Amino acid sequence: MIVTLEVNGERRTAEVAGWESLLWVLRERLGLTGAKDACQQGECGSCSVIFDGQLVCACLVMAADAEGAQVTTVEGLADATDLHPVQRAYVDEGAVQCGYCTPGLVVATAHLLTEHPDATPDEVREALAGNLCRCTGYGSVLRAVAAAQGASDPAGADREA
Amino acid sequence: MQIERPRDLDELLAGLDSHPEATLLAGGTDLMVDVNLSHHRPETVVALRRVDDLATWDDGFIGAGVTYARMEAGPHPALAQLARTVGSPQIRATGTIGGNLGTASPAGDTLPFLAAVDAEVVVASRGDRRRLRWEDFLLGPKHTALRPGEVIVGVQLPERLPQRQAFAKIGVRQAMVIATVNCCVVRDEDGKTRIALGAVGPTVVRTPAAEELVSSQQQVSATMLDEFQRLVSDDVTPITDHRATERYRRHAAGVLARRTLERCLPR
Ligand SMILES: Cc1cc2nc3c(=O)[nH]c(=O)nc-3n(C[C@H](O)[C@H](O)[C@H](O)COP(=O)(O)OP(=O)(O)OC[C@H]3O[C@@H](n4cnc5c(N)ncnc54)[C@H](O)[C@@H]3O)c2cc1C
Ligand code: FES
Ligand code: FES
């Protein structure tokens, strides 16, 4: 069946099969490989996208049910010349090792800072609890979030994650 | 695969009338895991998220489409507490109470709350509506009384809910865990206490002997708490699986029930 949705501000259509997730359609049909395909069961958050204003796991959205939705993926965050402030902060803080988790974390952080810019360090941890990183140890991720928040004292970033 | 995306209850019920065997899709947080990993291939899907009637929350009536994110911000302390333990923000943004009931996992986190307050499950099909007590709806692991052509419309809570209520859950991490044991306790001003536990039986269970012990007491002594804990441990029927052994669950159920009750007692 044909599904029409808005991805990063552009109207897109895709031919989808019943079993396909939004993640699959973004990656395999629309060529947007930013959202990563890892667990396919909502556990890792590497496929996080913003779906009608909410942070979701794209692997758990049935593509056929995404008709008419507005989706923002990591590709939609930066403008033509500049990185999104959250991306900048992740780069500056070295919050990336293999990078597999990074698109999901960046999207989740960008969403958090839109919804709740003054999140406390504990609230940040709770907000990112669904995004797993097997490399960095989270300290640098939390520092990046604090930097993106504009906090001078990233309290809690060096606590054991 | 064929998909229907109804916008209101009438359209939904008409759709289900013509496809009584259709698979219902709410937030997809259980169903899509099944589709992705078990290669479940539904032939007909009826998507529920556009049906406004299912998203209503009107005092004691909570629509099936109400998400954990909304429960977290809602008026019932134990429901808010349990919602906050579910999955991650991504899961809480889309996962619904109707989906938790539809899945009917023995570990479903809304179920101890619904059982402790004696909620009813409201289901509808074209031209018919039924209200089932929670234990008449939850029949076993992943098994409910829902008939082909029916949809869960929501849950009806009793008119007055005890203000003293608490939910607690044991798992290996604070976030993203399915309960090893979960528990909800509610206690009236006059001491009447109800307790329900999940993941320690085929479906959520109440433990009447333990309830009775503490219900007649305004003051609950330490000895009585010991006895309460023992009665809960004796009454549950857990199994051993990859999350925990039968013995651990039995012990944990007693301890968790006691701590949850303590939170409902005056300090
Ligand atoms: C990473 C992850 C973490 C999770 N953590 C938890 C947790 O901590 N605690 C917990 O309890 N669960 C947890 N779950 C399971 C799941 O999120 C919940 O059971 C959730 O409530 C399911 O709701 P849904 O709207 O996503 O349901 P869906 O997946 O859309 O549907 C689930 C089932 O219910 C049926 N259904 C849905 N709505 C209706 C309706 N209105 N009428 C009739 N049938 C219906 C569907 O047909 C399907 O069989 C987790 C899942 C994931 C992927
Ligand atoms: S791939 Fe979606 S959460 Fe892991
Ligand atoms: S950087 Fe490798 S998983 Fe996070």
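The figures follow:
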| item | result |
| --- | --- |
| Flag if residue A:101 is farther than 30 Å from residue B:46 by Cβ, within 16 Å of ligand 1 (Cβ to nearest atom), modelled with pLDDT of 95 or more and touching a Gly at 6+ places or on another chain (Cβ under 8 Å) | yes |
| Test: residue in segment B:203-215 that is buried (at least 16 other Cβ atoms within 10 Å of the Cβ), among the charged types (D, E, K, R) and assigned to a strand (DSSP E or B) | yes |
| Near pairs, Cβ below 7 angstrom, 6+ apart or cross-chain, from segment A:98-124 (touching a residue at least 40 places away in the same chain (Cβ under 8 Å)) to any residue that is within 16 Å of ligand 1 (Cβ to nearest atom) and among the β-branched types (Val, Ile, Thr) | A:107/A:49 |
| Hits in segment B:204-257 (condition: in contact (Cβ under 8 Å) with a residue 60 or more places away in the chain and either hydroxyl-bearing (Ser, Thr, Tyr) or more than 20 Å from residue B:191 (Cα to Cα) (or both)) | B:204, B:205, B:243, B:244, B:248, B:249, B:252, B:253 |
| Those residues of segment A:83-106 which are assigned to a loop (DSSP other than H, G, I, E, B), within 16 Å of ligand 2 (Cβ to nearest atom) and surrounded by 21 or more Cβ atoms within 10 Å (Cβ to Cβ), in sequence order | A:101 |
| Condition check for residue B:44: at pLDDT 95 or above, within 11 Å of chain A (Cβ to nearest Cβ) and over 15 Å from residue A:60 (Cα atoms) | yes |
| From B:178, B:195, residue being of a type in the set (Val, Ile, Thr) and within 30 Å of residue A:44 (Cβ to Cβ) | B:178 |
| Any hit, segment B:127-134, residues being hydrophobic (A, V, I, L, M, F, W, C), under 13 Å from the mean Cα position of the chain (by Cα) and in a helix (DSSP H, G or I) | yes |
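So that you can scan it fast, the table gives a plain yes or no per residue for (1) away from ligand 3 (no atom under 16 Å from the Cβ); (2) more than 7 Å from chain B (Cβ to nearest Cβ); (3) touching a residue at least 24 places away in the same chain (Cβ under 8 Å):
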site: A:41; (1), (2), (3): yes, no, no
site: A:45; (1), (2), (3): no, no, yes
site: A:50; (1), (2), (3): yes, yes, yes
site: A:58; (1), (2), (3): yes, yes, yes
site: A:66; (1), (2), (3): yes, yes, yes
site: A:69; (1), (2), (3): yes, yes, yes
site: A:74; (1), (2), (3): no, yes, yes
site: A:79; (1), (2), (3): yes, yes, no
site: A:83; (1), (2), (3): yes, yes, no
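The values are calculated or read from the model by the stated rules, or taken from the named source; none is laboratory data. Fair warning: this is a prediction, and the values are worked out from it, not measured in the lab. Positions of Cβ are generated from backbone atoms using ideal geometry, with glycine treated the same way; all protein chains shown enter the neighbour counts.
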